[in-house]
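The values are calculated or read from the model by the stated rules, or taken from the named source; none is laboratory data. Since we're looking at a predicted model, the values are computed, not measured. FYI the Cβ positions are ideal-geometry reconstructions off the backbone, even for glycines, and counts take in every protein chain you see. The area values use the complete protein model at the heavy-atom level, side chains included, leaving out ligands, DNA and RNA. Shrake-Rupley method; radii C 1.70, N 1.55, O 1.52, S 1.80 Å.
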Amino acid sequence: MGRPDPEEGQLPAPVKPPDGGWGWIVLLGCFVITGFSYAFPKAVSVYFKELMKDFHVGYSDTAWISSIMLAMLYGTGPVCSIMVNQFGCRPVMLIGGLLASAGMILASFTTNIIELYLTAGVLTGLGMALNFQPSLIMLGTYFDKRRPLANGLAAAGSPVFLSSLSPLGQVLLEKFGWRGGFLIMGGLLLNCCTCGAVMRPLDMGMKRKMGKAQDKYEAKEMLPIGGKSEEGISTADGTKKGKKAKKKPKKGKKLLDFSIFSNRGFIIYTISKFILVLGLFVPPILLVNYAKDTGVPDTEAAFLLSIIGFIDIFARPACGMVAGLKWVRPHVAYLFSFSMLFNGLTDICSARASNYTGLVIFCVFFGISYGMVGALQFEVLMAIVGSQKFSSAIGLVLLIEAFAVLIGPPSAGRLVDALKNYEVIFYLAGSEVVLSALFLGVASYCCLNRGKKEPPPENNPSAGGGSDTEEAESDVQEAEEHSSDNHQLAHSTDNAVVAANEEANHVAEEQSGEGGGCPAGDGEVLARDGCSADQMVERNSF
């Protein structure tokens with residue numbers, strides 16, 4: 001089932017990203033996958049009360065279902081990277097869609113909470129992980145110049161699906177119960193298979209094969225028929241085989257490329273992202289309970305999350321458009337640092353909000369900053385490591401983030417239980433986000449800018465951060481050089497045959513002058529009438 005190795009001498013060259021065309025269909029699929037991956041673990045929480053009644057467990061026990069889903073989404077990143085590098089994005093996404101759907105369908109027949117952990121938690125979480133990561137990889141394959149906008153539009157799937165799946169889950173719970181709701185949700189997850197089916201890989205090798213066949217045909221057409229032409233073609237083939245032998249040591253992708261840890265930009269990004277995740281998800285998790293403790297009614301408290309989601313829907317595409325501007329894109333890491341700083345300061349400034357108006361203002365600014373972070377996080381990673389190493393980079397980053405997800409929100413919940421004070425939690429979460437922003441900005445300026453002042457080596461294939469367009473142009477240039485070599489080889493062979501013919505003419509002229517076989521006045525061209533048959537045979541022998 002693995003991808004076949006290319007033939008010798010026919011190494012596939014990456015195709016320039018189309019930045020449109022079928023890429024818009026891929027973007028739509030990525031939008032749906034992102035929505036399911038981030039919103040589904042939160043939307044399942046509407047069934048928790050019924051699960052508590054049927055299985056006689058507490059809220060913390062049912063909350064582990066969502067936690068396991070998120071842990072699988074983040075923690076299985078390296079496994080997804082290995083599978084994508086081995087089998088490609090489309091097969092992995094099809095398998096992931098089947099696993100996600102099967103997990104929810106099997107969960108509708110469970111009889112205890114442990115079985116729910118294994119089905120809805122592990123199986124569905126693994127299926128969504130196998131869909132989420134390949135969809136981002138395919139998005140980076142189809143978009144280069146418009147990639148920031150594409151990432152922003154795809155990231156908007158999270159708030160859109162969150163605002164849709166939660167009300168839908170409540171309706172299904174009221175009409176069909178939690179078992180019927182799980183069964184229908186499992187059917188909805190089959191749409192992940194449809195999204196995987198549209199992830200058509202770009203044609204990588206057709207140009208190289210057509211160019212090689214054309215070169216060989218032109219070489220045969222340029223050479224005359226005879227022993228010398230066969231010798232010239234054999235020489236050309238021998239030279240091509242020599243080039244094949246030189247190119248043969250070039251290897252394909254590794255299953256998991258750990259060389260990205262030699263990239264200082266990747267190290268800086270990973271550390272800042274770990275610190276960011278410690279505090280990023282804490283405010284929206286505690287917001288509703290915080291509002292209720294300040295005296296806000298339950299309905300109005302729940303509406304605060306809807307405000308964040310509504311603002312988030314528009315903030316992500318808008319931030320993607322800004323990041324795609326020519327004068328902003330080279331500095332997208334600093335824009336990401338600003339968005340994190342904006343988010344952290346919003347948490348700190350709103351920690352002492354004591355009325356509903358203050359909380360609404362907090363939700364508006366938090367939705368803007370949260371959307372900016374969501375739109376830029378993977379765009380910055382793609383810009384740092386490049387599309388060739390993005391599949392390995394995102395897997396390792398998600399694995400590291402999994403530890404932060406398991407540390408941050410649970411620790412905040414324990415502090416709330418111990419201190420009975422939400423204000424301290426908001427200060428702590430905001431400080432962590434601000435720290436991550438400062439670290440990313442300062443480290444990027446000090447370390448990366450100093451590295452740019454040093455003259456980089458001319459040929460460094462392991463260096464990341466180059467755009468897909470530059471990689472494609474370099475491969476096209478290599479193919480053109482390879483094609484020009486073949487043309488020059490055919491031309492030199494043709495010149496050798498012409499030189500041999502001229503030498504034959506010269507020898508025949510000398511022989512005619514010495515032996516009188518042909519009149520000297522015929523000059524440059526051998527006489528057709530005065531030459532003997534032996535002399536003509538001797539000419540042809542050359």
Item to check | Length released on extending from THR111 to LEU438, taking residue separation times 0.36 nm less the Cα-Cα span | outcome: 112.8 nm
Next on the checklist: Largest first and in whole Å, what are the equivalent-ellipsoid semi-axes of segment 16-222 based on the Cα gyration tensor, each being the root of 5 times an eigenvalue?
Outcome noted: 41, 17, 13
Checklist entry - Pairs LYS42/LYS273; LYS49/LYS175; LYS326/LYS389; LYS53/LYS292; LYS42/LYS420; LYS53/LYS175: which exceed 19 Å Cα-Cα? => result LYS42/LYS273; LYS326/LYS389; LYS53/LYS292; LYS42/LYS420
Checklist entry - Could you give me the ³J(HN,Hα) list for segment 289-300, computed from phi with Karplus coefficients 6.51, -1.76, 1.60 and θ = phi - 60°, whole Hz, x at Gly and Pro? => result 5, 5, 5, 5, 5, 8, x, 7, x, 4, 5, 5
Next on the checklist: Ignoring ligands, DNA and RNA, please state the percent of accessible area on segment 16-222 from carbon and sulfur, probe 1.4 Å.
Outcome noted: 68
Checklist entry - Considering only the other residues whose Cβ falls under 14 Å of the Cβ of GLY169, what net charge follows from Lys and Arg at +1 and Asp and Glu at -1? => result +2
Next on the checklist: What are the ³J(HN,Hα) couplings of segment 118-134, residue after residue, when phi is run through the Karplus curve with 6.51, -1.76, 1.60 and θ = phi - 60°? Round to Hz, x for glycine and proline.
Outcome noted: 6, 8, 5, x, 6, 5, 5, x, 5, x, 5, 5, 5, 9, 5, 5, x
Next on the checklist: Just the number please: accessible area per residue for segment 258-449, 1.4 Å probe, all protein chains included, in Å².
Outcome noted: 42
Checklist entry - If you plug each phi of segment 23-29 into the Karplus form 6.51 cos²θ - 1.76 cosθ + 1.60 with θ = phi - 60°, what whole-Hz ³J(HN,Hα) values come out, in order, with x for Gly and Pro? => result x, 5, 5, 4, 4, 5, x
Next on the checklist: Could you compute how much accessible surface PHE55 exposes when probed at 1.4 Å, giving the result in Å² to the nearest 10?
Outcome noted: 30
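Length gain on complete extension for the stretch GLU300 to LEU118, per 0.36 nm per residue less the alpha carbon to alpha carbon distance?
62.0 nm is the gain from fully extending GLU300 to LEU118.
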Checklist entry - How much net charge surrounds PHE365 when only the other residues with a Cβ under 14 Å from the Cβ of PHE365 are counted, with Lys and Arg +1 and Asp and Glu -1? => result -2
Next on the checklist: Using a 7 Å offset from the Cα along the Cα-to-Cβ direction at both VAL424 and SER411, what is the distance between the two label points in nm, to one decimal?
Outcome noted: 1.4
Next on the checklist: Quick check: net charge around LEU304, other residues with Cβ under 15 Å of its Cβ, Lys/Arg +1 and Asp/Glu -1?
Outcome noted: -3
Checklist entry - Distance in nm between label sites at TRP22 and VAL171, each 7 Å beyond Cα in the beta-carbon direction? => result 3.5
Checklist outcome for this item: Taking N as the residue count of segment 28-73, its alpha carbon Rg divided by 2.2 N^0.38 Å gives 1.33
Checklist entry - Label points 7 Å out from Cα along the Cβ direction at ASN191 and TYR445: separation in nm? => result 4.4
Checklist entry - Based on the alpha carbon coordinates of segment 258-449, what radius of gyration and maximum Cα-Cα distance (Dmax) apply, in Å? => result 17.2, 53
